[in-house]
Amino acid sequence: RGIRMKKALNIIKNILILLIVIFAVLMMIFTIVSVNLFDRADRSIFGYKAFIVLSDSMSATDFSSGDLILVREVDPSSLQEGDIISFQSTNAENYGEIVTHKIRELTTDAEGNPGFITYGTTTGENDESVVTYEFVLGQYQTTLPGLGQFFSFLKTTPGYIVCIFLPFLLLIIIQGVNSIRLFRRYKKEQL
């Protein structure tokens, strides 16, 4: 009966170690992916870009701060009123930032370049500048609610410690304890 209990505890311990390994490796992969792909206008995977939503400017209708959105690269000339696009802002207050807003109407800028008047659905106010084709990053496709907060956390020092460092440290300690046990058993058998 004691042997069965010992075997059961050993199986549970091995399953827990395996789960910790899988968790730590997945967190490491997620961190590498999020650092290298998310919120990078110049990077895409299979034609999609991923952005973490930083404001609630579209929360009235589509997505909220902390969500992860997927945007597909498209020909800007194919976009219509009502489409949601991600673009690099040319507005004074957030120049260069990635913004995802709805197209209110098709227009041209002061130089005659085709573009869009965009707005956030929460306020309903038009963005300051016309978004010309060269600044369009893609068309919004889907939302992964709340996932952006998780990936933002992974990029922080506490996120790294909790999700990667501690699981690997735990594995090292467990393996160290197992090695000491094996060494003691080996010494006992030698005597």
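The values are calculated or read from the model by the stated rules, or taken from the named source; none is laboratory data. The model shown is predicted, which means the values in this text are computed figures rather than measured ones. Because the Cβ atoms are built from the backbone with ideal geometry, glycine has one as well, and the counts that use them run over all protein chains shown. These accessible areas exclude ligands, DNA and RNA; they are computed on the full protein's heavy atoms, side chains included. Shrake-Rupley method; radii C 1.70, N 1.55, O 1.52, S 1.80 Å.
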By accessible area (1.4 Å), largest first, F116, F38, F150 order as F150, F38, F116
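When the helix-only estimate is applied to the chain (DSSP H runs of n ≥ 4, each -39,500 (n - 2.57), divided by the residue count), what is the mean residue ellipticity at 222 nm, nearest 500 deg cm²/dmol?
Details: 4 runs with 73 residues, N = 191.
Roughly -13000 deg cm²/dmol at 222 nm, from the helical runs in the chain.
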Along the dipole axis of segment 1-54 (charges at Cβ: +1 for Lys and Arg, -1 for Asp and Glu; origin at the Cα centre), the most positive-end residue among G2, F38, I52 is G2
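Quick check: at a probe of 1.4 Å, how many percent of the accessible area of segment 5-96 sits on carbon and sulfur atoms?
On the way: 3460 of 5390 Å².
Carbon and sulfur: 64 percent of the exposed surface of segment 5-96.
For a quick protection proxy, order the peptides 80-87, 8-15, 156-163 by their average other-Cβ count within 10 Å, most packed first. Display every interim value, and only then the final one.
Numbers: 80-87: 17.0, 8-15: 10.2, 156-163: 13.4.
Taking the mean over residues of other Cβ atoms within 10 Å, the ranking is 80-87, 156-163, 8-15.
Could you compute the net charge surrounding V136? Neighbours are other residues with a C-beta less than 11 Å from the C-beta of V136; K and R count +1, D and E count -1. It would help to have the intermediate numbers written out before the result.
Details: positive: none; negative: E73, D75, D83, E134.
Net local charge, V136 excluded: -4.
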Helix 2-37: inclination vs the chain longest Cα principal axis, degrees, rounded to 10, gives 30 degrees
Spelling it out for T132: with amide H atoms placed in the peptide plane at 1.01 Å from N, the residues 5 or more places away or on another chain with amide H under 5 Å from its amide H are F116
Per the C-alpha gyration tensor (a ≥ b ≥ c, the square roots of its eigenvalues), the chain is rounded if a/c is under 1.5, else prolate if a/b beats b/c, else oblate; here it's prolate
About its Cα centre, the chain carries a charge dipole, from +1 on Lys and Arg Cβ atoms and -1 on Asp and Glu Cβ atoms, whose size in debye to the nearest 20 is 3200 debye
Charge dipole of segment 123-191 built from unit charges on the beta carbon (Lys, Arg +1; Asp, Glu -1), centred at mean Cα; most positive-end Cα among G159, T143, T123 is G159
For segment 34-75, shape from the Cα gyration tensor axes a ≥ b ≥ c, cut at a/c of 1.5 then a/b versus b/c, turns out oblate
Once all protein chains are kept in place, L18 shows an accessible area at probe 1.4 Å, nearest 10 Å², of 100 Å²
A 1.4 Å probe over the protein heavy atoms gives segment 105-191 a carbon and sulfur accessible-area percentage of 60 percent
Tilt, helix 166-190 to longest principal axis of the chain (alpha-carbon atoms), in degrees rounded to tens, equals 20 degrees
